[in-house]
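Read the structure below first, then the notes.
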Amino acid sequence: MGAAATAVAVFAFSRGETKQLAVEADGALGGGSFDARLLAHVTRAIRERHGIEVDGGSKAGLRALVACQQAKKVLSTVDDARVDVENVAPDRDVSVEVSSAQLKEMAAAELEVLKRLCADALMGAAAADARCTKLHSVELVGGGTRMPIVKEVVAEVLGDALSYTLDSSHATAMGAATIIARAEAVAVASARLAAAQAEAA
């Protein structure tokens with residue numbers, strides 16, 4: 001789960017070979033989805049408690065978004081956090097308390113989408129290979145997977161064997177580089193085959 005999109009893939013590993021059995025993705029679900037839920041909660045609280053309207057595109061709105069992102073990180077380690085927003089109005093700072101339980105309730109729709117992605121990927125893997133009845137491990141990659149509420153949903157559907165052995169900062173880049181390298185190898189092999197066929201003719 002990255003900032004703007006989420007993908008769930010199931011792979012089979014056998015004798016040094018890797019085979020993709022299924023992949024499900026949603027281009028609208030990511031860490032930013034949870035930021036947006038927090039921002040809506042915070043701006044509503046500021047309006048109701050202080051009578052201040054915070055526009056999402058204003059400087060105050062951007063400061064509120066950054067504060068929400070920081071609070072989301074805090075909620076990855078503790079149950080409660082405080083969203084501190086500076087200068088929502090001239091010489092006016094405000095704070096809004098938020099909890100993991102509240103975030104889970106706010107993001108119920110997003111968590112349902114994640115649950116569906118996991119379930120569909122698991123079903124797709126079973127359809128592709130009948131031997132795929134149980135996952136050996138579940139590798140989590142991306143900043144969004146640090147949230148306990150995300151881990152909870154993934155573990156509920158895919159199993160408790162959650163793992164973080166991949167470097168989240170580089171895994172996506174390494175995957176892209178691997179795909180390009182394989183594509184280049186295929187292109188080189190095809191070119192050599194075409195050249196050999198031309199010489200034979």
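Tell me which residues, restricted to region 30-54, are more than 28 Å from GLU112 (Cα to Cα) and surrounded by fewer than 20 Cβ atoms within 10 Å (Cβ to Cβ).
Listed by number, the residues that qualify are ARG47, GLU48, ARG49, HIS50, GLY51, ILE52, GLU53.
From the list THR133, THR145, which one is hydroxyl-bearing (Ser, Thr, Tyr) and more than 16 Å from the chain's Cα centre (by Cα)?
THR133
Out of all the residues in region 7-60, which are within 22 Å of GLN102 (Cα to Cα) and among the polar types (S, T, N, Q)?
SER33, THR43
Given the structure, is LYS19 within 30 Å of LEU122 (Cβ to Cβ), surrounded by fewer than 17 Cβ atoms within 10 Å (Cβ to Cβ) and in the same structural domain as LEU158 (by TED's automatic domain parsing)?
In short, yes.
State yes or no: is VAL42 modelled with pLDDT under 90, outside any loop (DSSP other than H, G, I, E, B), more than 20 Å from PRO148 (Cα to Cα) and not assigned by TED's automatic domain parsing to the domain that holds VAL141?
Answer is no for this residue.
Would you tally the residues in region 45-66 being touching a Lys or Arg at 6+ places or on another chain (Cβ under 9 Å) and in a helix (DSSP H, G or I)? So that I can check it myself, show each step before the final result.
First, the residues of region 45-66 that are touching a Lys or Arg at 6+ places or on another chain (Cβ under 9 Å): 50, 52-54.
Subsequent filtering for residues that are in a helix (DSSP H, G or I) retains 50.
Residues meeting the conditions: 1.
Working carefully through the options GLY51, GLY57, find the one that is of a type outside the set (Ser, Thr, Tyr), within 23 Å of ALA4 (Cβ to Cβ) and free of Cβ contacts under 8 Å to residues at least 24 places away in the same chain. Walk me through how you get there before you give the answer.
Values: GLY51 fails: within 23 Å of ALA4 (Cβ to Cβ).
One residue alone meets the criteria, GLY57.
The values are calculated or read from the model by the stated rules, or taken from the named source; none is laboratory data. In this text, all values refer to a predicted model and were calculated from it rather than measured experimentally. Here Cβ is always computed from backbone atoms with ideal geometry, including for glycine, and neighbour counts include all displayed protein chains.
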